[in-house]
Amino acid sequence: MNSQQLIQYEDRYSANNYHPLDVVLTKGEGVWVYDIEGNRYLDCLSAYSAMSHGHIHPRILKAAQDQLTRLTLTSRAFRNDQFPQLVKELSELTGYQMSLFMNSGAEAVETALKIARKWAYVVKGIRRHQAEIIVAEGNFHGRTITTVSCSTVHQYRDDFGPFTPGFIVVPFGDAQAIRQAITPNTAAVLLEPIQGEAGIRIPPLGYIREVSGICTASNVLFIADEIQTGLGRTGKFFACEHEDIYPDMIILGKALGGGFYPVSCVIADNPIMGIIQPGDHGSTFGGNPLAAAIARESLKVLTEEGLIENSASLGEYLLDQLKQIKSPHIKEIRGRGLFIGIELKPEARGARRFCEALMREGILAKETHYHVIRLAPPLIIDRETIDWMLPKVHKVLTMA
């Protein structure tokens, strides 16, 4: 069976909710993936940061295989031997006292919102069902009804209402807009430190620090959605660390599963997380022993193999090299760590054709918000591989 036949099957039998590049992958190893015809490609998307450890990392593979032969699921009706070790190790690694595990990133965002609302009622004293959450324009926090309720992207919202109330939207990067939006009913501010889906939008330096200070002064929780930016993607364990800020709550996902399994969580200290009681929230699969074993090894690989430091150093190198490309199509190149966006001018006729051209050169990247090419290779990438890709990126960005 060839790629074209499989593409036809997917287009005919699958809901048309994605617009993938027409490459059919069958194997992955490290930073490389292979299609069914045997062609090799450099993965420069990392499954939207979920593959930060690279494809089929041997240590994580072994942890998964070992756990698969022992115990995979108990539900949380019973305890298992992996989950307690995971939450202890995560607390020791991050400094946060408690965590609540789910599966997908959107589930973790919903979890954080529920925690913030209950905190608002039982701790802050906001009148029940009147809590407000401040979010930023251009945000992407998931695809559930609640998470699209706070989106400003029309396609994510149109035809999916009525929406969950209680969200106040302000411009991204404007701390004073947050200050002005706070009312007695404000429970939390929810932000991505860098907006990934919106095109690797980086706020002004000092923005995160100022927002944190505003929240503290106003008795409002600061929640950082670090599903894409966390776990080393930007060259720090958390992107908020670039401004030495530790929010009240952090949402994690994607890379936490090591590219093997969906794992997500919310981390916070006991005064916030401790308000959750049995029956308040849950997930059949959240914190299952297979997920816990994989997440434990994923965190160890991240720190023990220097992936965060690699992201910082090679991200800086890649960004510097990309900025030297002279192309009439480029409006701006921006990034932090191995989280880079190449924004094209409107007259470039969209980023899709450039991603298709990169694919023909053996590089897989993806357009976001029409005009931006996202480059986010696995954190295990080396300089030799970056030097291999740079002439090809230059060729594509300077094409007619």
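Each reported figure results from applying straightforward, stated rules to the coordinates on display, with no laboratory input. The shown structure was predicted, so the numbers you read here are calculated from the model rather than taken from an experiment. Cβ atoms come from the backbone with ideal geometry, glycine included; neighbour counts cover every protein chain shown.
The table for this structure:
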read-out: Leading residue at positive end of dipole, the chain (Cβ point charges), from Cys265, Ala357, Ser49; value: Cys265
read-out: Which of Ser327, Ser212, Ser311 has the fewest Cβ neighbours within 10 Å, and the rest in rising order; value: Ser327, Ser212, Ser311
read-out: Gyration tensor verdict on the range 6-99 (Cα atoms; rounded if a/c is under 1.5, prolate if a/b is larger than b/c, oblate otherwise); value: prolate
read-out: Inter-probe distance in nm under a simple model that places probes 7 Å from Cα toward Cβ, at Arg353 and Gln130; value: 5.6 nm
read-out: Over 18 Å (Cα to Cα) - which of Lys62/Lys300; Lys88/Lys118; Lys88/Lys300; Lys118/Lys254 fall in this group; value: Lys88/Lys118; Lys118/Lys254
read-out: Qualifying lysines (Cα of each under 25 Å from Cα of Lys331; at least 8 residues distant if same chain); value: Lys323, Lys345, Lys366, Lys392, Lys395
read-out: Asp81-Glu10 pseudo-label distance in nm [points 7 Å out on the Cα-to-Cβ vector]; value: 4.0 nm
read-out: P(r) weight above 26 Å for the chain, C-alpha pairs, percent; value: 55 percent
read-out: The range 1-86: GluC sites (Glu not before Pro) in DSSP coil with no more than 12 other Cβ atoms inside 10 Å; value: Glu37
read-out: Per-residue Cβ neighbour rank within 10 angstrom, fewest leading, Asp269, Asp66; value: Asp66, Asp269
read-out: Sites matching trypsin sites (Lys or Arg not before Pro) across the range 245-345 that sit in DSSP coil, with at most 12 neighbouring C-beta atoms within 10 Å; value: Lys326
read-out: Neighbour-count order for Thr183, Thr94, Thr368, fewest beta carbons within 10 angstrom listed first; value: Thr183, Thr94, Thr368
read-out: For the range 121-260, diffusion coefficient by Stokes-Einstein and Kirkwood Rh (Cα), 25 °C, 0.890 mPa s, µm²/s; value: 158 µm²/s
read-out: Gain in span if fully extended, Tyr18 to Gln65, counting 0.36 nm per residue against the direct Cα distance; value: 13.8 nm
read-out: With at most 14 neighbouring Cβ atoms within 10 Å, loop chymotrypsin sites (Phe, Trp or Tyr not before Pro) (DSSP) excluded, longest segment of the chain; value: 164-369
read-out: Potential lengthening between Gln176 and Ile275 on full extension [0.36 nm per residue; Cα-Cα distance subtracted]; value: 32.6 nm
